1. Note down the relative contact order for the range A:83-150 as a percent, whole number, built from C-alpha pairs under 8 angstrom at least six residues apart.
2. Can you run the Rg to Rh ratio on the range B:133-179? Use alpha carbon positions and the Kirkwood inverse-distance Rh.
3. Nearest 10 degrees, 0 to 90: what angle lies between the long axis of helix A:135-147 and the longest principal axis of chain A (Cα atoms)?
4. What is the helix-to-structure angle for A:230-244, meaning the angle in degrees between its Cα long axis and the longest Cα principal axis of chain A, kept from 0 to 90 and rounded to the nearest 10?
5. Work out the P(r) tail for the range A:83-150: percent of alpha carbon pairs separated by more than 21 Å, whole number.
6. Give the percent of DSSP beta bridges with both residues in the protein assembly as shown that are antiparallel, rounded to the nearest 5.
7. With a cut-off of 8 Å between alpha carbons and a minimum separation of six or more residues, what is the relative contact order of the range B:16-310 in percent?
8. Report the Cα-based extents of the range B:16-310 along its three principal axes, largest first, to the nearest Å.
């Protein structure tokens, strides 16, 4: 579903992502971890087509994000770290705009909008202007918009920022259910507990390079630490590798 | 290999027409909601905008009816020259303003980041943002151009086709420079990412130098009798450079002049109308061709440019003025240090916000240019004095737009970061006072210099200059007091955009009070002086010797005027400040 094929991205003399090769199959929830400045945001931005790789290619469902971005976007949903909405649209109007953008038939769009409003408990404020929403409400609306068209690939950049515990639970349950149905999730996060609880595989980036790729069990095995938390393992990987480099 | 979708029939790529319709619907919904919220939440602002625009339109219309009647009688052949000069300068301004607006809309906005992650064509996003930029950059042209062109039609007794064709002419004209601006913007970002600021600076510099050269050569002749035949001839000879047949401004002015032509009986002149429609067709064809070119460029260059711009490393800030900040922070007594540190912080933010200081430089620079050219005309004493007071009012009005736009929102913006200041050993009063000092000192120097320049060029006596400088001091104090005081009295802590804060009720009220204050100060100062000069130049018989006017025009009247100006200044400074300080002390964040 998602392929990074020898992807490198440079900012002037600085290499933000170096020769990243990664394939994420259908139905997998992948969590990308790493310290600040590791290259996670650059990776996410290349995945959603906002940044072009300096070398290599990023593909979603076989569509190259540079050569055929619209076809790739048709299969994707994206939840950015800072929700972007139109202040002068209501939540429902925003959902309709997104549904129309994906060319959804009228009847299907109506049912999907109702479904997502119910899933994310947006009913109370769906008809208020977005300018009156709190950060959490905005984030819930963006989640709803990203799932309207039942995307094959969902890209999440720090998805839990601003969400209250109940909303976090809703999102987690939804992600589990959707991945079981075949949706692929690519998530960048600093919330290690969430990655540990939900991710099928994790990738740990340090200074633009993927230092680890695998399951938590494999990470434990690799680090020869049997019964420890992901936090401990993560700190081991990032600190030891940083020292090496 | 393309992988089959989980829900293949649920979604589809839209056609270009469907995308366009969707964005038109979005634009209409946003516009309607904006108007609706203005009608409910910002009636004062809306009323002011409508009334002032109406007054402005009517005043321009009246002025140009007189102007065109005068030219029609004496110099009918120069209308084409004037139109060409007017439209060609507008054309240059539209290229720059649309280019800048397209840049901020397409490359720096969160909306662009959202749209680029959706299955929408790059050219549709461009068209959407272009329409927005076109509206913002050209509404001024419509407001300025429509009364002028209507007045021309009325003076020339033009038939109905002229008035019907006005709007199509104006719209097709503005699309051309706006498209050129957006094309230049996209090309610069995509292929000259690192050099875009240099290219823009060079372009602006060339345009500014050309404008200064034109202004200078028209007015720099020593003591030419303005409005004389010789002056007209020389000026028109220089303006002839704008009459280029390949310029859209020429097509527009020629088309309009032809449309206004009537036959000998006063009816529609068929041949002239045909000529006019030909010019309109040329404008429309070029506008459409440029839109197509812009759309094609957006398709090939927008996503690439956005990516390149996002991938730029932020330039390392050179801290050339660090010594000044440190000197300001450490100067004076230790008790005033928190206030000085707040000042240094605001000064740094101002220096690093190009939108603030560039507008400051542009407006005051243009005003300075105008003042420098005042010397070119001959004035008698009372006329020079009146112009001096009008210039003082203009300086005050420009300063009031800055205090409303940039100083008024400062407290509200500080409120959002209140957790930083709230935990520091700084009294809340010091925050308000630091904003006042920042605005007052920042405005005082350029304003006093401009007033001095204007008065020197007008050749006013030192006593009048001193009075004007005192008025300027009071204006700077009062305007800063109004903006800071009302900003602290009516803060909007939820809003992060300074433009939205300043365009709310409090900001509009601040602008209205500031305008009334400026008018009061200038009138109170000007009336005694003017009466005195009238008595001197036209003889004492003009003013009754024992009446109130004679008293007002005498030394007591002048002294009373000065005292009133000081009272007005102190009231405008301290009443809003005291109200603001009280409210800010009680503020719960």
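1. Normalised by residue count, the contact order of the range A:83-150 is 52 percent.
2. Rg/Rh for the range B:133-179 comes to 1.02.
3. The helix A:135-147 is inclined about 90 degrees to chain A.
4. The angle comes out near 50 degrees.
5. Taking all Cα-Cα pairs of the range A:83-150, the fraction more than 21 Å apart is 12 percent.
6. Percent antiparallel among DSSP bridges in the protein assembly as shown is about 55.
7. 29 percent.
8. 61, 44, 43
None of the figures in this text is laboratory data; all of them are computed from the coordinates on show. Predicted, not measured: the structure shown is a model, and the values here were computed from it. Quick reminder, even Gly has a Cβ in these numbers, built from the backbone with ideal geometry, and neighbours come from all protein chains shown.
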